[in-house]
Amino acid sequence: DLDGMAEAAIGAGLVFLCNPNNPTATAHSLADVTAFIERVKASSPDTAILVDEAYIEYATDTNVETAAAQALEHDDVFVARTFSKGYGMAGLRLGYAAGRPATLAKLNAAWGLGSVNILTATAAIASLNDPDRMLNEREENRRVRNFTINAFNEMGYETTDSQTNFLFVNVRQPAAEFREAALDQGVQVGRDFPPMEQTHARISLGTMEEMERAVEIFRRILET
């Protein structure tokens, strides 16, 4: 609810916008994010805005694009990106921010972002120099995602319009119960995400083979 967020942002120190969002897996278009940034900066000029794009590599909706250019147009607006998701380098703990120099200087002064070791830097450079690999990863994730969404829909269960590597599914029961039932059959489902933990579960996507097995287990749980 970008309108609601913009209203609530007046006088705030920092507004956090996760796009694509975790845990709902949904995403706003660049046009909507741009309008949101401009509205907040107009109504509350001293409010900083962080746009977290950790999952944007998985977005297949062509209207979903990075807001890095918008961050360069405003003071105290910055975009955060990571190599932990689409690039598969979570253990190396590498990310970066995009924004105006003065904005990034404030970040560095506040958090002391530190340096990057040679292994991490080499892996990041290799990943950035291999764009085809990311395209292949996105397309394979789309294929697995569509398969899993269709499976839930066939069972009569709704999912959000995922633009990530996970689904947010209305399982019509507490996530804890669904998670426990799945774990009993060898499939792990993520933690609770209040305030929707009484009806929705966040389900990460694996390989097609893994999701084919997981879907059969989900079907046993949900159709009994």
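Just so you know, all these numbers are worked out from the coordinates, no wet-lab data involved. None of the values given here were measured: they were computed from a predicted structure. A quick note on method: Cβ atoms are made from the backbone with ideal geometry, for glycine too, and the neighbour counts reach across all protein chains shown.
Classify segment 1-66 as rounded, prolate or oblate from the Cα gyration tensor: take a ≥ b ≥ c as the square roots of its eigenvalues, call it rounded if a/c is under 1.5, otherwise prolate when a/b beats b/c and oblate if not. Present the calculation step by step, with values, prior to reporting the outcome.
Details: a/c = 2.27, a/b = 1.90, b/c = 1.20.
Judged from the Cα gyration tensor, segment 1-66 comes out prolate (a/c at least 1.5, a/b above b/c).
What does the charge count near I37 come to, summing +1 for each Lys or Arg and -1 for each Asp or Glu among other residues with Cβ under 12 Å from its Cβ?
Values: positive: R39, K41; negative: D32, E38, E73, D75, D76.
Surrounding charge for I37 is -3.
Going by a ≥ b ≥ c, the root eigenvalues of the Cα gyration tensor, does segment 14-143 fall in the rounded group (a/c under 1.5), the prolate group (a/b larger than b/c) or the oblate group?
On the way: a/c = 2.27, a/b = 1.23, b/c = 1.85.
Oblate, because a/c is 1.5 or more while a/b does not exceed b/c.
Order of L92, L119, L183 from fewest to most other C-beta atoms within 10 Å?
On the way: L92 18, L119 9, L183 12.
The order, fewest Cβ neighbours first, is L119, L183, L92.
How do E137, E216, E223 line up, fewest other C-beta atoms within 10 Å first? Please list the in-between numbers first.
Details: E137 17, E216 12, E223 9.
Fewest to most other Cβ atoms nearby, the residues stand as E223, E216, E137.
Which loop trypsin sites (Lys or Arg not before Pro) in segment 81-161, with loop taken from DSSP, have no more than 16 other Cβ atoms within 10 angstrom of their Cβ? It would help to have the intermediate numbers written out before the result.
Details: sites: R81, K85, R93, K106, R133, R138, R142, R143, R145; in loops: K85, R93.
In loop regions of segment 81-161 (DSSP not H, G, I, E or B), the sparsely surrounded trypsin sites (Lys or Arg not before Pro) are R93.
Enter the per residue convex hull volume of segment 132-222, computed from alpha-carbon coordinates, in Å³ rounded to the nearest integer. All intermediate terms of the calculation are to be shown ahead of the outcome.
Working: hull volume 8.1 nm³, N = 91.
In segment 132-222, the Cα hull volume divided by residue count equals 89 Å³.
How big is the Kirkwood radius of the chain, worked out from every pair of different alpha carbons and given in Å to one decimal?
Working: mean 1/r = 0.0522 Å⁻¹.
Evaluated over the chain, this radius sits at 19.1 Å.
Mind listing which chymotrypsin sites (Phe, Trp or Tyr not before Pro) in segment 1-66 are in a DSSP loop and have 10 or fewer other Cβ atoms within 10 Å? Please report the intermediate quantities before stating the final value.
Numbers: sites: F16, F36, Y55, Y58; in loops: Y55.
Passing both the DSSP loop test and the Cβ count: no residue.
Counting Lys +1, Arg +1, Asp -1, Glu -1, what net charge surrounds T207 among other residues with beta carbon under 14 Å of its beta carbon?
Working: positive: R142, R143, R145, R213; negative: E137, E139, E140, E209, E210, E212.
Taking every Cβ under 14 Å from that of T207, the sum is -2.
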